[in-house]
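Single-structure report; data block below.
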Amino acid sequence: MPDDIVITRCLKVDPRHPDPAVIAEAALVLRRGGLVAFPTETVYGLGVNALDAGAVTRLFAAKGRPADNPLIVHVAGRDMVFQLAGQVPEKAILLMNNFWPGPLTLVLPGGKGAPPEVTGGLDTVALRMPDHPVALALIRAAALSVAAPSANISGRPSPTTAAHVMSDLSGRIEIVLDGGPTGLGVESTVLDLTAPAPLVLRPGGVTLEDLRNVLGAVELHPDARALSGWSGRACSPGMKYTHYAPRAPLWLVEGGPEPVAVKIIELAREYRARGQRVGILSCSGREEFYSEGEVLQAGSRDDPAAVAVELYAVLRRFDELVVDVILAEGIKDEGIGLAVMNRLRKAAGRRLLKA
Ligand code: TXA
Ligand code: MG
C-alpha cells in the first residue's frame with residue numbers, strides 16, 4: 001500500500017486533439033515525480049518518469065506490483081530508444097518502421113539509461129511507442145521517457161476506460177487523463193530481440209502472423225499459450241504472476257461452439273444447485289444457448305478483435321454483478337485471438353477445460 005493518500009483528478013481530454021493546457025499540467029506532474037494514468041491504443045497505462053527511481057518505486061507501491069516485474073518504457077521517438085537501449089539491432093529498426101507507433105514492445109539489450117527499478121534488474125529494456133495522440137502528446141510535453149504498466153491494481157484486468165482506472169487507483173495517483181475507451185482492448189505484443197531468434201513473450205495487438213510477415217522466423221514462448229499455467233524459467237518476469245483476473249474464479253472451456261455451450265450449461269447447473277451465482281462469458285449470437293445465470297457477451301466468435309475490445313470490461317462487469325464463479329467460452333487462438341486466449345487462460349490459472 002502506498003504510504004500517502006492523494007486526491008486523484010480525472011481530467012477529460014479529446015482523444016484525437018488533446019488540449020495542450022491539460023497535457024502540460026499532466027506533464028508537469030510527471031516531471032515532478034508524480035503518477036499519471038493515460039490512454040494508449042491498447043489499454044490505459046500508469047506513467048512515471050522512467051529515469052526517476054523514487055517515482056518508479058511509488059508506482060510499484062500504488063499498483064501493488066512485485067518489484068521483479070519490469071516495466072515497459074514508452075517513448076515518443078527513436079532518439080529515446082537510442083538513449084535507453086545499449087544496442088539497437090537491425091531487426092528492431094525494421095520492426096519500428098513497420099509497427100511503430102503501435103502495439104509492439106521490443107525487448108532490447110539494456111544500456112545505462114533505465115534504472116534497475118524499471119528493468120527489474122535485468123540486462124534488457126522493454127520499449128514501445130504507443131499509437132495514441134494523448135500518450136504521445138504527454139510524453140513529448142514532459143520530454144521524458146515514461147515507464148508505464150497497465151493502470152490497474154496488480155493482478156486485476158487491465159483498464160480500458162478511465163472509470164476502470166479510477167476504480168482501482170483513485171487515491172493512489174495524481175491524475176487520470178480520460179480520453180474515452182481504448183481501441184484494441186488488449187496489451188501490446190512483447191517481443192524479445194535479445195533471444196537467439198525473435199521470441200514473443202506476450203501475444204498482443206501485433207499478431208504473430210504480422211511479425212512473421214516482416215521478420216520470417218519468430219518463436220512463441222511456450223508460456224505465451226499459457227496452456228498449463230506457469231512452468232519453468234520466466235523470460236518475461238510478468239509471465240509467472242496471476243493476471244487479468246476478475247474476483248470470482250474463472251473456468252475457461254475450450255472446444256467447438258456446440259460442445260462448449262453444452263459443457264457450460266452442465267457446469268452452470270451444478271453451481272446453481274449449490275446455491276452459487278453463476279456468470280457466463282459468451283459471445284454475441286449465442287443467446288439461445290444460455291437461459292440461466294448472468295450472461296455477458298464480448299464480441300463474436302468469428303471476430304476476435306471485437307472480443308479483445310470488450311474482454312476486460314466484461315471481466316470487470318462480473319465483479320459488479322458479484323458472481324461466485326465465471327464460466328467462459330474460449331475462442332480460436334489465432335491472430336489477435338491468441339492474445340485474448342492468453343489473457344483468459346491466465347485469468348483461469350489451472351481451471352482449463354476441454355469440451
Ligand atoms: O499495451 C501495453 O503494453 C500496456 C500499455 C500501457 O502500454 N502496458 C503493459 O504493461 O501492459 P505491463 O506492465 O502491464 O506489462 C508489461 C509486460 C510484463 O509482462 C513484463 O514482465 C514485460 O512486459 N517486460 C517488461 N520489461 C521486460 C524485459 N526487460 N524483459 C522481458 N519482459 C519485460
Ligand atoms: Mg499489466
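Working note: Karplus 6.51/-1.76/1.60 with θ = phi - 60° gives the stretch 175-182 the couplings 9, 10, 8, 8, x, x, x, 7 Hz, where Gly and Pro are set to x. Ranked from largest, the principal axis spans of the Cα set of the stretch 271-344 equal 39, 24, 16 Å.
Under 5 Å from the amide H of Leu11 lie the amide H atoms of Val176, Leu177, Asp178, each residue being 5 or more positions distant or on a separate chain, with H modelled from the backbone and absent for Pro and chain starts.
Under the classification rounded if a/c is under 1.5, otherwise prolate if a/b is larger than b/c and oblate if not, where does the stretch 72-138 fall, given a ≥ b ≥ c as square roots of the Cα gyration tensor eigenvalues? Verdict is oblate for the stretch 72-138.
When the solvent-accessible area of the chain is split by element, carbon and sulfur atoms take up 53 percent of it, the probe being 1.4 Å. Given 4 °C and 1.567 mPa s, how large is the Stokes-Einstein diffusion coefficient of the stretch 88-181 in µm²/s, with Rh as the Kirkwood radius over Cα pairs? Estimated via Stokes-Einstein, D reaches 85 µm²/s.
Testing the spin-label approximation: label points 7 Å from Cα along Cα→Cβ at Arg350 and Glu270. State their distance in nm. Output for this residue pair reads 1.6 nm. Values of log10 I(q)/I(0) for the stretch 35-192 across q = 0.13, 0.14, 0.15, 0.16 Å⁻¹ run -0.52, -0.61, -0.70, -0.81, by the Debye formula with one identical scatterer at each alpha carbon and no solvent.
Loop sites here are GluC sites (Glu not before Pro) outside DSSP states H, G, I, E and B with no more than 13 other Cβ atoms within 10 Å. The longest part of the chain free of them is 1-291.
Dipole magnitude for the chain: about 660 debye, using +1 per Lys or Arg Cβ and -1 per Asp or Glu Cβ, origin at the Cα centre. Note that the chain presents 41 Å² accessible area per residue, ligands and nucleic acids not counted, probe 1.4 Å. For the stretch 314-355, the Cα gyration tensor yields ellipsoid semi-axes of 20, 13, 9 Å (square root of five times each eigenvalue, largest first, whole Å). Taking each of Lys12/Lys63; Lys12/Lys91; Lys12/Lys346; Lys63/Lys263 in turn, the alpha-carbon distance tops 30 angstrom for Lys12/Lys91; Lys12/Lys346; Lys63/Lys263. Please give me the summed charge of the neighbours of Ile153: other residues whose Cβ is under 10 Å from its Cβ, Lys and Arg +1, Asp and Glu -1. Spelling it out: positives minus negatives among the neighbours equals +3.
Reported value for the chain: 128 Å³ per residue, from the convex hull of its C-alpha atoms.
Multiply the residue separation of Ala24 and Ser284 by 0.36 nm, subtract the distance between their alpha-carbon atoms, and state the gained length in nm to one decimal. Here the answer is 89.4 nm.
Rg/Rh, computed from the Cα trace of the stretch 1-61 with Rh as the Kirkwood radius, has the value 0.97. Residues whose amide H lies under 5 Å from that of Ser300, counting only those 5 or more places away or on a different chain, are Ser284, Ala306, Val307; hydrogens are built 1.01 Å from N in the peptide plane. If R0 is taken as 25 Å, the Cβ-Cβ distance between Asp68 and Asp324 corresponds to a FRET efficiency of 0.15.
The values are calculated or read from the model by the stated rules, or taken from the named source; none is laboratory data. All figures in this text were calculated on a predicted structure; none of them were measured in a lab. Here Cβ is always computed from backbone atoms with ideal geometry, including for glycine, and neighbour counts include all displayed protein chains. Heavy atoms of the whole protein, side chains included, go into the accessibility calculation; ligands, DNA and RNA do not. Shrake-Rupley method; radii C 1.70, N 1.55, O 1.52, S 1.80 Å.
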